[in-house]
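The numbers here are math on the coordinates, done by the rules we state, and not lab data. Because the structure is a prediction, the values reported are computed rather than measured. Cβ placement follows ideal geometry from the backbone for every residue including glycine, while neighbour counts extend to all protein chains displayed.
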Amino acid sequence: MREGLAVDTGPLVALLNARERNHRWAREMFEAATPPLATCEAVITEACYLLREMKGGPQAVFGLLERGVLGIPFRLAENQDAVQALMARYANVPMSLADACLVRMTELDPKATVLTLDGDFRVYRRHARQVIPVLMPD
């Protein structure tokens, strides 16, 4: 498994919710990865929201942070202009804040690969022209 994974919301939700279609795939990806897996506050926010009705859902997200499975090295305040420019560039998609942060994370770490279920990452480009490496289910 590659190191330098940047985790999107979809795999995180699928990992924590056994009823999700991609639960098995997400579990395999997390088990094979070397922690901590990088993410951003926007992904944590989305995951907590999507898991809010699952018993212990938001707490499970925070549990991954507490156990060091996930880390949040990205700081939006330091990358606000770049994130805002990405969101403007991909407004027609539209690009969420979480997606923009993940794209920016791959710009800052050229070895980063986005762990995602979101096909929009096949459209997005880092540094305007570079394909973003992704791990997605088939």
* **Per-q log10 I(q)/I(0), the chain, q = 0.10, 0.17, 0.21 Å⁻¹ (Debye; single scatterer per alpha-carbon; no solvent)** => -0.29, -0.88, -1.34
* Structure fact -> Taking a ≥ b ≥ c as the square roots of the Cα gyration tensor eigenvalues, with a/c under 1.5 meaning rounded and otherwise prolate when a/b beats b/c or oblate if not, the range 14-56 comes out oblate
* Can you work out ³J(HN,Hα) from phi for every residue in the range 96-105, in order, using Karplus 6.51 cos²θ - 1.76 cosθ + 1.60 and θ = phi - 60°, giving whole Hz and x for Gly and Pro? -> 7, 4, 4, 4, 4, 5, 5, 4, 4, 4
* Over the chain, calculate the relative contact order: mean separation of alpha carbon pairs under 8 Å at least 6 apart, over the residue count, as a percent. => 28 percent
* Structure fact -> For L5, the residues 5 or more places away or on another chain with a placed amide H closer than 5 Å to its own amide H are A38, T113
* Asked: When a footprinting reagent is the concern and you count Cβ atoms within 10 Å, what order do L97, L15 take, fewest first?
  -> L97, L15
* Structure fact -> Any trypsin sites (Lys or Arg not before Pro) in the range 40-115 that lie in a DSSP loop and have at most 10 other Cβ atoms within 10 Å would be R52, K55, R67, K111
* Asked: R0 = 22 Å: FRET efficiency of Y49 with D81, Cβ-based, nearest 0.05?
  -> 0.25
* Structure fact -> Residue-ordered couplings for the range 12-22, obtained by feeding phi - 60° into the Karplus form 6.51 cos²θ - 1.76 cosθ + 1.60 and rounding to whole Hz (Gly and Pro as x), are 5, 5, 5, 4, 8, 10, 4, 7, 5, 4, 9
* Using +1 at the Cβ of each Lys and Arg and -1 at the Cβ of each Asp and Glu in the chain, identify which of I132, C48, L37 lies farthest towards the dipole's positive end. => I132
* Structure fact -> Amide H neighbours of A33 at under 5 Å, excluding residues fewer than 5 places away on the same chain, with H built from the backbone geometry, are none
* Using a ≥ b ≥ c from the Cα gyration tensor of the range 37-102 (square roots of the eigenvalues), is it rounded, prolate or oblate, where a/c under 1.5 gives rounded and otherwise the larger of a/b and b/c decides, a/b for prolate? -> oblate
* Grab the Cα-Cα distance for R24 and I72, subtract it from 0.36 nm times how many residues apart they are, and report the gain in nm with one decimal. => 14.9 nm
